[in-house]
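These notes are about the structure you will find just below.
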Amino acid sequence: RIVNDHDDDDDVLSNESSPFDINAEIDWGQSSLQLLKNYYELEDPRNVTPLMREMWVNAKFPTEDDSFIVRGKIDRIDLISSNSGAILSIIDYKTGKKPHFKYATATNERIANEQFWKMKVYALILWKMILQTETLEQRQRQESEEVGKTVDYRYGLSWELRQKLLQSLGYENEQQAPKWTELLTLESLRLMYLTSHLDDMAANYDTPPDAPVGKAKCLDFSLNEFMSVLDQTENEVISIQKQIKELVDMQDPKAWHHCNWKYCNCHEMRDRFIDGTVSNEIM
């Protein structure tokens with residue numbers, strides 16, 4: 001609705017034709033402030049110096065015929081210096097509630113693995129970028145590099161991230177530093193939930209019963225055997241891409257029935273497709 005100069009403010013906010021629900025906006029604002037309060041109780045940002053924030057990552061994955069690209073944005077990467085190099089931790093902020101692990105052990109493990117799957121993909125992409133950067137630098141150092149052979153810089157670590165890593169670890173330049181795979185280790189994944197279920201005693205053992213929301217709580221996933229975890233995750237990503245391609249090749253928008261999200265309108269859109277018009281471009 002277009003608001004005119006002669007409209008009364010109260011009428012605009014309460015009018016049924018207005019596209020805004022002022023009460024919903026107030027509730028949203030108050031709940032957002034509560035989540036922010038929860039975060040400050042969980043972590044003092046003055047004591048945290050992230051290596052990177054909201055960092056875009058992307059990597060190529062090979063297929064039988066060609067390759068495809070997976071992109072994402074990591075909320076935060078923390079660095080811990082050690083005698084042997086740098087330990088990286090990937091952190092993702094979650095505004096939803098921490099899962100309530102109140103079920104059988106097998107069910108709780110399945111829920112946790114589902115929560116961390118996207119994080120494993122982030123770790124896989126980041127490691128691929130580290131490998132790509134190392135490969136590029138090795139090729140640059142070769143004096144007998146083939147003439148006319150191009151080097152793809154798009155899928156390596158950014159200049160900004162490389163400089164931050166070198167500075168944090170006390171190296172003046174990349175020539176002085178060891179190989180990136182010898183210098184960097186991915187150690188852990190962390191989901192930082194900004195709220196939780198009030199009856200989840202793991203997070204709310206001392207929370208007042210009349211509290212509006214549950215406290216913030218972190219879930220951690222160790223990457224002690226990170227190469228086997230990344231190999232398994234890569235196989236799963238490639239398998240998903242293959243299934244997507246097979247679905248698109250069917251040229252039938254009704255062939256996929258899995259989505260049941262209330263905010264997705266794919267069910268409404270499918271009937272409007274004309275047979276054979278689904279895009280052949282994947283990813």
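Annotations
- Extended-chain gain in nm, criterion 0.36 nm per residue less alpha-carbon gap, D220 and R154: 20.7 nm
- Of the GluC sites (Glu not before Pro) found in the range 181-246, the ones in coil according to DSSP and having at most 14 other Cβ atoms within 10 Å of their Cβ are E225.
- Using a cut-off of 29 Å between Cα atoms, the listed pairs K73/K98; K118/K245; K37/K102; K37/K60 include K37/K60 as exceeding that distance.
- Anisotropy class of the range 53-96 from Cα gyration tensor, a/c 1.5 cut: oblate
- Filtered trypsin sites (Lys or Arg not before Pro), the range 54-108: DSSP coil and at most 13 other beta carbons within 10 Å: K102
- Computed E for W56/A211 - FRET, C-beta separation, R0 22 angstrom, nearest 0.05: 0.05
Just so you know, all these numbers are worked out from the coordinates, no wet-lab data involved. In this text, all values refer to a predicted model and were calculated from it rather than measured experimentally. Glycine also receives a Cβ, built like all others from the backbone with ideal geometry; neighbour counts cover every protein chain displayed.
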